[in-house]
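Structure first, commentary second.
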Amino acid sequence: MYNINKVREDFPILSRTVYGKPLVYLDNGATTQKPRIVVDSMVDEYYNVNANVHRGVHFLSQQATDLHEQSRETVRRFINAKSISEIIFTRGTTESVNLVATCFGEYLRCGRNTADGCPEIIISSVEHHSNLVPWQLMCERIGGKLRVIPMNDEGVLDLEAYRSLFNENTRLVAVAHVSNVLGTVNPVKDMVAMAHEHGVPVLVDGAQSTPHFAIDVQDIDCEFFAFSGHKIYGPTGIGVLYGKEEWLDKLPPYMGGGEMIKTVTFEKTTFNELPFKFEAGTPDFVATTGLARALDYVSDLGMDNIFAHEQELTRYAIQKMNEIEGMKIYGSVDVHDAVISFNVGEIHHLDLGTLLDRLGIAIRTGHHCAEPLMHRLGIQGTARASFGLYNTKEEIDVLCAGIERVRKMF
């Protein structure tokens, strides 16, 4: 049984007030709050196990290394990767995507000959800037170009158009699992299968999917998968890149320095085995412990239970919000995943968010780092409410009452 009151007790920040009002935190798509178990585990490690990992023979270093590598195994198990060699720790989804874009671009550049055509990367209309700009930069470096999967007015990708984008120059597909604006769940397993028909690898941006439902990278069969710790109740500044071992072996290193080397002379450096080949320098070994505790926390609650709770919230919110005069919700109501972007009448989204904040309600406003998507929708931005495992229907009622109050002011 999903005990929402007990869950909320695990998050101290939910009991605070803002402007004298109880906090209603509905900005989980940007970052989630942290349960005590995550913060306590990090404090304990700083106070009792703080030593650099992999390099020391002394007790603290060995203990810290064990915790760090146990965290890697926790991540492997959580997303069902085959091996810990396929789990690369990064600073978050953005760095994970940049790592692949940089290394894949170098791999293409070094492997090309004059007979090769212009390499093409397929992305979608709904991408966050973090899964768009790195590929633009890569294309500028190697002379490639982007091809974009179109969507319909409800934010659903056109899979027939997607199929038609493949040609002999297609080198990779990079697609969001879930739109951070529309909440659309893209059929990534089908999209991966289509790409594999052409021998093309796929990167899936899992920043907005991993916190909300169970992920199985072997079932999806993607070559790369990225997610962030801070969006799944873990620390900021830590994230994960999953990569199939065969592809991680092919790619050159991302950065040079300690840990990613095997031998160094002034003439030549040889690189470490996976996953350390892509982890130059001292890792945030305390944050990896915090990430592991966060994954343990959601696993104990059950990802299926979390999904069911958030889906119930989302359906309830859509129903209640559609009762508000002038309400415009973007995206298909059939495939929303814990995020609702909306506008109300002629009220500017920034004004709406600012006034709701004075009522203790935290939402996001703006283009949500998805400007091309906003251009496609013909708007400058939206207000966005995004839900987490600790949100309640009562909070949605507060949100709707707040929106109604602001609407009447205008």
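The values are calculated or read from the model by the stated rules, or taken from the named source; none is laboratory data. Note that the coordinates shown come from a computational prediction; the quantities given were computed from them, not determined experimentally. Methodologically, a virtual Cβ is constructed for each residue, glycine included, from the backbone with ideal geometry; neighbour enumeration extends over all protein chains shown.
Against the definition (assigned by TED's automatic domain parsing to the domain that holds PRO211, more than 30 Å from LYS328 (Cβ to Cβ) and either of a type in the set (Phe, Trp, Tyr) or in contact with a Lys or Arg (Cβ under 8 Å, 6 or more places away or on another chain) (or both)), how does LEU99 come out, yes or no?
Criteria not met by LEU99.
I want to confirm something. Restricting to segment 393-410 and keeping residues that are closer than 17 Å to GLU310 by Cβ and in contact with a helix residue (DSSP H, G or I) (Cβ under 6 Å, 6 or more places away or on another chain), which single residue is surrounded by the fewest Cβ atoms within 10 Å (Cβ to Cβ)?
Among them, the one singled out is LYS393.
With the requirement that a residue be of a type outside the set (Val, Ile, Thr), under 19 Å from ILE238 (Cα atoms) and outside any loop (DSSP other than H, G, I, E, B), what does segment 33-58 give you?
ARG36, ASP40, SER41, MET42, ASP44, GLU45, TYR46
Would you check if there is a residue in segment 103-123 being more than 25 Å from LEU291 (Cα to Cα) and among the hydroxyl-bearing types (Ser, Thr, Tyr)?
The answer is yes, given that some residue of segment 103-123 is more than 25 Å from LEU291 (Cα to Cα) and among the hydroxyl-bearing types (Ser, Thr, Tyr).
Restricting attention to segment 82-134, and to residues there that are in contact (Cβ under 8 Å) with a residue 40 or more places away in the chain and of a type in the set (Lys, Arg), which single residue is farthest from PRO150 (Cα to Cα)?
That would be LYS82.
Among residues belonging to segment 338-364 that are of a type outside the set (S, T, N, Q) and in a strand (DSSP E or B), point out the one that is farthest from the chain's Cα centre (by Cα).
Going through the qualifying residues, I end up with VAL344.
Which residues, counting only those in segment 243-279, are modelled with pLDDT of 90 or more and aliphatic (A, V, I, L, M)?
LEU248, LEU251
Among the residues of segment 1-60, write down those that are within 27 Å of the chain's Cα centre (by Cα) and of a type in the set (Val, Ile, Thr).
Listed by number, the residues that qualify are ILE4, VAL7, ILE13, VAL24, THR31, THR32, ILE37, VAL38, VAL39, VAL43, VAL53.
When you look at TYR47, is it surrounded by fewer than 18 Cβ atoms within 10 Å (Cβ to Cβ), out of contact with any His (no Cβ under 9 Å at 6 or more places or on another chain) and not polar (S, T, N, Q), yes or no?
Spelling it out, TYR47 is indeed surrounded by fewer than 18 Cβ atoms within 10 Å (Cβ to Cβ), out of contact with any His (no Cβ under 9 Å at 6 or more places or on another chain) and not polar (S, T, N, Q).
Considering segment 261-286 alone, what residues qualify as being among the acidic types (Asp, Glu), closer than 22 Å to TRP247 by Cα and under 23 Å from the mean Cα position of the chain (by Cα)?
Residue satisfying the conditions is GLU279 alone.
Quick one: would you say ILE396 is outside any loop (DSSP other than H, G, I, E, B), in contact with a strand residue (DSSP E or B) (Cβ under 7 Å, 6 or more places away or on another chain) and either closer than 26 Å to GLU312 by Cα or not assigned by TED's automatic domain parsing to the domain that holds LEU182 (or both)?
no
Which of the residues belonging to segment 122-154 are touching a Phe, Trp or Tyr at 6+ places or on another chain (Cβ under 7 Å) and either part of a loop (DSSP other than H, G, I, E, B) or surrounded by fewer than 18 Cβ atoms within 10 Å (Cβ to Cβ) (or both)?
Listed by number, the list holds a single entry, LEU146.
Identify, from the list VAL133, VAL173, the residue that is under 14 Å from ALA370 (Cβ atoms) and aliphatic (A, V, I, L, M).
After ruling out the rest, the residue left standing is VAL133.
Kindly indicate which of THR314, THR289, THR282 is out of contact with any Phe, Trp or Tyr (no Cβ under 6 Å at 6 or more places or on another chain), over 30 Å from HIS348 (Cα atoms) and in a helix (DSSP H, G or I).
THR289
With respect to GLU197, is the statement that it is touching a Lys or Arg at 6+ places or on another chain (Cβ under 8 Å) and more than 30 Å from LEU26 (Cα to Cα) true?
No.
Quick one: count up the residues across segment 12-32 that are surrounded by fewer than 20 Cβ atoms within 10 Å (Cβ to Cβ) and either of a type in the set (A, V, I, L, M, F, W, C) or in a loop (DSSP other than H, G, I, E, B) (or both).
Looking only at that region, the number is 9.
Mind checking which residues of segment 88-121 are of a type in the set (Gly, Ala, Ser) and either at pLDDT 95 or above or not in a loop (DSSP other than H, G, I, E, B) (or both)?
GLY92, SER96, ALA101, GLY105, GLY111
Do the conditions hold for VAL335, that is, is it among the β-branched types (Val, Ile, Thr) and either farther than 28 Å from PRO150 by Cα or part of a helix (DSSP H, G or I) (or both)?
The answer is no for VAL335.
Tally up the residues in segment 104-121 that are buried (at least 17 other Cβ atoms within 10 Å of the Cβ) and touching a strand residue (DSSP E or B) at 6+ places or on another chain (Cβ under 8 Å), please.
Number satisfying all stated conditions: 5.
If we scan segment 74-88, do we find a residue that is of a type in the set (Asp, Glu) and under 16 Å from GLU279 (Cα atoms)?
yes
Residue pairs, Cβ under 6 Å, 6 or more apart or interchain, first in segment 303-314 and closer than 16 Å to ASN5 by Cα, second of a type in the set (S, T, N, Q) and buried (at least 16 other Cβ atoms within 10 Å of the Cβ). List them.
Hits for this filter: LEU313/ASN391.
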